[in-house]
Amino acid sequence: MVINMSESGEKKIIIKTEGKDKEDVEELREVFDVISEFLDKAKDTIKEIIVAVAGSLNGEKLGKEVAALYKELKASGLPDDVVNEMVRDFYKKKLESAPSVGELLKTLTEGIKFKKKVELEEEEKEEEEEED
């Protein structure tokens with residue numbers, strides 16, 4: 001195996017193989033090309049998702065919501081301990097309801113894997129039908 005660095009800074013891995021190994025390497029190279037192409041296309045969408053998730057955790061907005069709830073509860077005459085507990089619960093639930101970026105990316109990745117699996121199964125089925 002040889003690793004070369006091109007003038008543009010891209011790393012290229014050259015693997016010398018023969019027979020079945022060569023076919024496997026070519027297939028793997030094609031898979032990596034598809035993944036690379038997908039990531040290039042998906043990066044803007046992923047950025048938008050992350051911005052949307054981060055926006056749902058806007059500290060200023062959340063602070064205003066908590067303060068407004070606190071004022072309303074205090075104005076209604078509830079005891080301080082009840083008001084504080086309700087405000088604390090509200091704040092906690094707001095944070096818990098915000099989607100986790102990690103979970104979001106995990107779900108996205110699982111969806112991509114499932115789609116690819118379905119596509120591969122369809123290709124295999126077509127190849128079997130062509131052989132018959």
>> Taking the conditions exactly as written (outside the structural domain of ILE112 (by TED's automatic domain parsing), closer than 22 Å to GLU103 by Cα and in contact (Cβ under 8 Å) with a residue 12 or more places away in the chain), does ILE46 satisfy them or not?
In response: yes
> Which ones in region 96-106 are surrounded by fewer than 11 Cβ atoms within 10 Å (Cβ to Cβ) and at pLDDT 75 or above?
Replying inline: GLU96
> Can you find even one residue in region 73-81 that is among the basic types (Lys, Arg), more than 24 Å from the chain's Cα centre (by Cα) and not assigned by TED's automatic domain parsing to the domain that holds LEU120?
Replying inline: yes
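The values are calculated or read from the model by the stated rules, or taken from the named source; none is laboratory data. This one's a predicted model, so the numbers in the text were calculated from it and none came from an experiment. Positions of Cβ are generated from backbone atoms using ideal geometry, with glycine treated the same way; all protein chains shown enter the neighbour counts.
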